[in-house]
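See below for the structure under consideration.
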Amino acid sequence: MPDMADDITVYKATYSGTPVIANGIACMRRRSDSWINATQILKVADFDKPQRTRILEREVQRGVHEKVQGGYGKYQGTWVPLDRARAIAEQYNVDTLLSPIFNFRPSTESPPLAPKHITAASTKPRPARGGGGGARAAPRNPTKKLKSSNVYGTEPTPPAIIAPPPPPAPASMGSYDDDDEDQDIMSDMDLEHDAGSMGSSSCSEGDLSDNDMMDHPSQHSTGMSLKRKRSQMDMDHMASHRRISYSDELLDYFMTKEMDVPSFLLSPPQDFDVDEVIDTEGHTAIHWAAAMGDLKVIELLCKARSNIYALNSRGETPLMRAVLFTNNFDRRSFPRLVETLRDTIFVADKFNSTVFHHIAATTSSRNKMLAARYYNDVLLQKLSEIQPIDEIANFLDVRDMNGDTALIISARNMARKCVRTLLGYNASPDIPNHMGETADHLIIAAEGQNKLHAQHLRASSSSPFQQHHDNVHPYLQQPDAIAYAQSAYIPAPHTSEAGINATKKVIPQMTEMLEGLANAFDKELQDKEDDHSQAQTLLESSSREIEAYNKKSEEIIQQHGTVEEMNSQIEDLQQEFNSLAAELRNALEKRQCHELAQHIQHEESQVEILPQTEEPDDQELMARLVAAREIVQAQQQRKELMDAIVKASSRSGTSDKMADYRRLIALSCSLNPEDVEELLPEILKDLEAGGDGNGRDMEC
């Protein structure tokens, strides 16, 4: 490394009218303020473009820096102060290689011109604009080339570049990307355009991917001092540091399977914007989570009140992004995702494409055919639960900007099962697109091709060459059999040139048709295997559910017995209940009868006995009649009360209050509530033996 550094030479050059120092793989240093191009330091460290972009965004651009892009070729990039550049070089072990540019001290002698720049200057003379002669025109103000800059219009100052002399170049210092060289060419061409055409040029900062998101600096800001601009930049950086950290961590989580869910999702801080765009395509976190089929993160985002209607730069909802990938199919998470995002099903994107258009578009890939069928089935099942069939059909018939319905796209991609599914929900096959195509025409055309292919196969069965199939070379069954047949195989019986030519023409056609037939069989077999696999998966799931139900049923039977045993127990208990009720009624009847007899005897002893010769008068008879009626009513009332007593006695001990009494006795006597009723006689005996007559100071 030290020896390599000793051979490094500092050159000067001019790019896009800006004096610099450059050669080969270069690292520029501005002579006005000694700032270094950090993008080129990372190139010297041999990082590829994605790595450089990530390092710039995460490390370099969070400190003091300046972005330059928009037609400056190698001059563009992320510029940092000299001390910061030294630290970056030391961090990535290229400080020895770059020590000449770091230690360079300006002197009265100018560094030599870079060889490439000399060649360019001699072969590309720039004519003067609007003038005569061969005088070279002065370069225009390069600030017009700036597409964005974090120092608000700072005019780029001439940098210095360090590079090893060619050849050989050090192995640790890579080469410029091709797009950087193209940008040099574009920069030279741009100088010859007028100022109005400069803003339309599209170029990037060598290795930065986010510069095109910045605005053009205003013209009045060009006079602002560099110190004020950097101070403002630091304030902006401090304000956005945490927000950038959240976005980076979310992207890392979605792209790295081993990472845990970010902690700020579990307990979102106040400065966390759940709907912030986290990539260059306008996606939010819920777009990514839906596409990845990550239901846990979706639940956390919804708790943080993420907007399920969020749209990316193409106007796509999270549900639309989900159906473009097979993650939800692989995880079988789509039903729960649809339940969460059901309110966005009827949203269309900027091209008026619905979620069914997006599903149909994926059928162009055979690898996504099963997932497309799965997504269609789940969505249509959910829609059938919340919408009438006519509304579903109208939604399926929505046309996009090309006039295509989801059915037309599926038919065009020959997704037969998706077509059948959509037709099953009354999708119209007669709606034409802007080209006049209808799904019906596409389906008929596909069927016609299949029939024509079958006719060719049937015709080939009567071919005169069919009888010689045993003589066909095995190589005809290989993928390049046609080329072999055209160049090598000539049937022996044909000697004329016409016969030979006909044979050479027909045999490849037959081979092509047989190969097509074999491919059709393979495709049909694959479809059948896929259907069988799906049915097998469903069967296994159903078997597991049945097994779980049977296990639960066995547990209930072991605990309570079979239905017949339980019915038998109920009948026995009912008979026992009826017997006890009858015994209770008899006991009560006997007691009542005895008490009634004593009461009658007492009443009779109080009544004077009338002489038998006297006839009772009418008043006496009426009094007796009234008394007899009262006796009958009293007997009827006594019978009803007897029934009520029996019924009340049968329910005694089952009320909530009795349960409270039982728990109170159990607590007082240190017993289980279930044992109280069985031990009640012993408890009563102990209470009677140890009580004082008033129920005080008694212990169980």
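Look at ILE443 and say whether it is in a helix (DSSP H, G or I) and more than 19 Å from ARG342 (Cβ to Cβ).
Numbers: in a helix (DSSP H, G or I): yes; more than 19 Å from ARG342 (Cβ to Cβ): yes.
Spelling it out, ILE443 is indeed in a helix (DSSP H, G or I) and more than 19 Å from ARG342 (Cβ to Cβ).
Inspect the range 587-597 for any residue being on the phi > 0 side of the Ramachandran plot and of a type outside the set (Lys, Arg) and give the result as yes or no. If you could, list the steps in order and put the result at the bottom.
To start, the set of residues in the range 587-597 that are on the phi > 0 side of the Ramachandran plot comprises none.
No.
Only residues that are in a loop (DSSP other than H, G, I, E, B) and in contact with a Lys or Arg (Cβ under 9 Å, 6 or more places away or on another chain): list them for the range 387-431, please. Outline the logic, then answer.
Initially, the range 387-431 is screened for residues in a loop (DSSP other than H, G, I, E, B), giving 387-388, 397-405, 413-415, 425-431.
Result: MET401, ASP404, THR405, ALA415, ILE431.
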Pairs where the first residue, in the range 28-50, is assigned by TED's automatic domain parsing to the domain that holds ALA89 and touching a residue at least 40 places away in the same chain (Cβ under 8 Å) and the second is assigned to a helix (DSSP H, G or I) and among the charged types (D, E, K, R), C-beta under 6 Å, 6+ apart: LEU42/ARG52
Evaluate the following for GLU554: is it surrounded by 12 or more Cβ atoms within 10 Å (Cβ to Cβ) and in a helix (DSSP H, G or I)? no
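Only one residue in LEU573, LEU625, LEU596, LEU584 is touching a residue at least 12 places away in the same chain (Cβ under 8 Å), of a type in the set (A, V, I, L, M) and either closer than 28 Å to GLN635 by Cβ or surrounded by 10 or more Cβ atoms within 10 Å (Cβ to Cβ) (or both), so which one is that?
Values: LEU573 fails: touching a residue at least 12 places away in the same chain (Cβ under 8 Å); LEU625 fails: touching a residue at least 12 places away in the same chain (Cβ under 8 Å); LEU596 fails: touching a residue at least 12 places away in the same chain (Cβ under 8 Å).
Just a single option satisfies the conditions, and that option is LEU584.
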Result of the Cβ filter at 7 Å on the range 629-651, keeping first residues that are closer than 12 Å to ARG585 by Cα and partners that are surrounded by 10 or more Cβ atoms within 10 Å (Cβ to Cβ) and of a type in the set (A, V, I, L, M, F, W, C), at least 6 apart or interchain, is MET642/LEU588; ILE645/LEU588; VAL646/ALA581; VAL646/LEU584; SER649/LEU584; SER650/PHE577; SER650/ALA581
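If we only count helices (runs of 4 or more DSSP H) wholly inside the range 296-353, which ones have 2 or more residues that are without any contact (Cβ under 8 Å) to a residue 40 or more places away in the chain and not hydrophobic (A, V, I, L, M, F, W, C)? Before you say what the answer is, go through the steps one by one.
Working: elements: 318-323, 327-331, 334-340.
Counting at least 2 such residues, we get 318-323, 327-331.
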Mind checking which pairs have a first residue in the range 80-101 that is assigned to a strand (DSSP E or B) and a second that is not β-branched (Val, Ile, Thr), Cβ under 6 Å, 6 or more apart or different chains? VAL80/ALA38; VAL80/HIS65
Mind listing just one residue for me: the one in the range 416-454 that is closer than 26 Å to GLN534 by Cα, of a type in the set (A, V, I, L, M) and touching a helix residue (DSSP H, G or I) at 6+ places or on another chain (Cβ under 6 Å) and, of those, surrounded by the most Cβ atoms within 10 Å (Cβ to Cβ)? LEU422
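Take SER384 and tell me if it is at pLDDT 90 or above, hydroxyl-bearing (Ser, Thr, Tyr), part of a helix (DSSP H, G or I) and surrounded by 21 or more Cβ atoms within 10 Å (Cβ to Cβ). So that I can check it myself, show each step before the final result.
Numbers: at pLDDT 90 or above: yes; hydroxyl-bearing (Ser, Thr, Tyr): yes; part of a helix (DSSP H, G or I): yes; surrounded by 21 or more Cβ atoms within 10 Å (Cβ to Cβ): no.
Judged against the criteria, SER384 is not a match.
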Every residue in the range 358-403 that is of a type in the set (D, E, K, R) and either without any contact (Cβ under 8 Å) to a residue 40 or more places away in the chain or touching a helix residue (DSSP H, G or I) at 6+ places or on another chain (Cβ under 7 Å) (or both), please. ARG366, LYS368, ARG373, ASP377, LYS382, GLU385, ASP390, GLU391, ASP397, ASP400
Enumeration of residues in the range 273-295 that are in contact (Cβ under 8 Å) with a residue 40 or more places away in the chain and either under 23 Å from SER263 (Cα atoms) or part of a helix (DSSP H, G or I) (or both): ALA290, GLY293, ASP294, LEU295
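The values are calculated or read from the model by the stated rules, or taken from the named source; none is laboratory data. All values reported here derive from a predicted model rather than from experimental measurement. Note that we place each Cβ from the backbone using ideal geometry, even for glycine, and neighbour counts take in every protein chain shown.
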